[in-house]
Amino acid sequence: MKPAWAWQFDPGTLRHVEAALPTAITREWAWEGSTGAGVKVAVIDSGIDATNPAVGSVAGGAVVVADPDALRGARVIEGPHEDLFGHGTACAAIIHAVAPDAELYSVRVLGEKLTGRGTVFAEGMRWALAHGMQVLNMSLSTSRVDYYGMFHEITDAAYFKQAMVVCAVNNVRAPSYPSQYASVFSVAAHSGRDPFRLEYNPSPPVEFGAPGIDLEVAWLGGKTIRATGNSFAAPHISGLIARILGKHPTLTPFQMKTVLMAVADNTA
Amino acid sequence: MGDDPLADLAQLASDLGPVLRPRGDEEFLQAIVETARLVFDAAACSIALLDDFEEVLEFRVAAGTGAEATVGLKIPADRGIAGWAVVAGQPIAIDDVRQDPRFASDVAESTGYVPRSIMAMPLESERRTFGVIEVLDRRQSGGHGADDMELLGLFARQATLAVETSRIFSNLGQALFEAAALAAPGLDVRAALAKRAATAPKAQTELAELALLFHDLGRLGADERLVAVRIVDDFLTYARKHQR
């Protein structure tokens, strides 16, 4: 007699898996020669202004709006759209600065009504997962405890699909979702400006540090502005992950965390 | 006290809520923005709160340049740097806001002060988002943007607690009234409700009248109540669908 799920480890069933990790993980091994080509990255934010020269190109996208009549309280409208604030454009440009050939998809969840925005965020994540996105950049969060279970379910689903969910942590010292979960790449800003400077924090929930203070970032109208926020640190990590995935597409989220930790400036 | 103890109790409970309410809403928030303005050596600091529909941000308190013109201003909640902080649930600091064409410059100009830098932090509890605190043109930053945000986060936390506590007390009168009505089945509830409807502030009149209707409905047969529930339910569905 075997317990449930034990069949997966039967000798005839268990597949041989190429563990893509060498004994010494270096930056050269991790991302040298990669541009992030072939990796789908969803920028779940305020939209992306594709005409901004720092963005380069946008492969596609969708707008999510609250809809009380929809099954889960939100509706997705696929197609091109503008950036309502400038923030999504900033994130897109940061990702492309690190991984120039990553395929960017804009999933606009910000800018509609506030009411029900948790369900709108969640539907944006579901759309990204259903459309094969390998990296989900989320420079946004909610502190509302009502959404704890819903976001936990979606981040678990992402983990099982080997999609990397990268989240900016809120500045307030209280839990915010979805950055709070263990499977998520939780990011805060360090004071450096080099986009490849990466730090690992051995005392989570915040696990990774990236540039996010006094940065010149792309904004609306082809302009740039100088800005500060953990929301600008997250896309740096998304870019690095896209670059690594471009070279090692089979890496799982837990392997990716190991790689990022190994090549971090404070551990390498 | 009059002849109708329940009605008197209802009136008393309703009045007590606002009276017992901590002086959080305006005075405490005002103290927070004044302190924050001094700590950051900023040109101005303000707090805007969301309306019940979460569509409009109204500036409730402000300190510093343009403070008088700022208080009472209303802007759509999905606009500008403050709007982004509220919808994204994330703090943000921008140091050359005039470069941002979507920054609500008409708002800044109507207050007579157009800032160069702005730092915005959402006021969020684990239950809801209340609004945003903003600091304009801070001079004590020395380039340590992250430290500024940590500090502003503490002010935001204070403001959030103040607003949340204040709202609980404001609703206390109504809650006590409802509890009193439920706890005294032997008394003439209808009279109390009718009196309440006649004397309630305008915003509460409809709810008191609705309570009266429900009281009358309760005396009808089961079938009538069922039809009434269906009509109200259908109306709610319709109203939600066509809301704004």
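We did not get these values from a lab; they are worked out from the coordinates using the rules stated. Everything numeric in this text was worked out from a predicted model, so none of it was measured. Here the Cβ is made from the backbone with ideal geometry for all residues, glycine too, and neighbour counts use every protein chain on show.
Near residue B:136, once Lys and Arg are set to +1 and Asp and Glu to -1 for all other residues with Cβ below 10 Å from its Cβ, the sum equals +1. For the range B:55-100, taking Cα atoms only, Rg and Dmax work out to 11.5, 28 Å respectively.
For peptide A:213-219, the mean count of partner chain Cβ atoms within 10 Å of a residue's Cβ comes to 4.
Of all DSSP bridge pairs formed entirely within the range A:33-263, close to 35 percent run antiparallel. Neighbour counts of other Cβ atoms within 10 Å put B:47, B:118 in the fewest-to-most order B:118, B:47. The share of alpha-carbon pairs in the range A:116-268 lying farther apart than 27 Å comes to 20%. Sorting B:160-167, A:102-109 by average packing, meaning the other beta carbons within 10 Å per residue, from highest down gives A:102-109, B:160-167. In terms of surrounding Cβ atoms within a 10 Å radius of their Cβ, A:240, B:154 rank from fewest to most as B:154, A:240. In the range B:20-170, Cα pairs under 8 Å separated by at least six residues give a relative contact order of 28 percent. The three principal axes of the C-alpha atoms in chain A carry coordinate ranges of 59, 45, 36 Å, sorted with the longest axis first.
For chain A, relative contact order (Cα pairs under 8 Å, six or more residues apart, normalised by length) works out to 23 percent. Panel note: the C-alpha atoms of the range A:65-131, placed on their principal axes, show extents of 40, 25, 19 Å (largest first).
Summing Lys, Arg as +1 and Asp, Glu as -1, what charge do residues with Cβ under 11 Å from the Cβ of residue A:81 carry, residue A:81 excluded? Numbers along the way, then the final one.
Numbers: positive: A:108; negative: A:49, A:78, A:82, A:83.
Here the count lands on -3.
Determine, at each q value in 0.12 (inverse angstroms), the log₁₀ of I(q)/I(0) that the Debye formula gives when each Cα of the range A:1-142 is one equal point scatterer. Here the Debye-derived log intensity ratios amount to -0.61. Evaluated at q = 0.08 Å⁻¹, a Debye calculation over the C-alpha positions of the range B:20-170 (equal weights, vacuum) places log10 I(q)/I(0) at -0.18. Remark: C-alpha extents of the range A:83-175 on the principal axes read 38, 32, 26 Å, sorted largest to smallest.
Could you line up A:237, B:32 from fewest to most neighbouring Cβ atoms inside 10 Å?
On the way: A:237 28, B:32 22.
Ascending number of Cβ neighbours within 10 Å: B:32, A:237.
Is there a simple number for the mean count of other chain Cβ atoms within 10 Å of the Cβ of residues in A:64-74, and what is it? Walk me through the intermediate numbers first.
Values: counts 0, 0, 0, 1, 4, 3, 0, 0, 0, 0, 0.
If you average over the peptide's residues, the count of other-chain Cβ atoms is 1.
Highest mean packing comes first when the peptides A:40-49, A:147-156 are listed by Cβ atoms within 10 Å, giving A:40-49, A:147-156. Under 5 Å from the amide H of residue B:56 lie the amide H atoms of B:51, B:77, each residue being 5 or more positions distant or on a separate chain, with H modelled from the backbone and absent for Pro and chain starts.
Partner shielding of A:227-237 amounts to 5, given as the average count of beta-carbon atoms from other chains within 10 Å of each residue beta-carbon.
With 23 Å as the limit, write out which pairs from A:113/A:223; A:113/B:74; B:74/B:241; A:40/A:161; A:40/A:113 have Cα-Cα distances beyond it, or answer none. It would help to have the intermediate numbers written out before the result.
Values: A:113/A:223 27 Å; A:113/B:74 16 Å; B:74/B:241 25 Å; A:40/A:161 14 Å; A:40/A:113 28 Å.
Long pairs (Cα-Cα over 23 Å): A:113/A:223; B:74/B:241; A:40/A:113.
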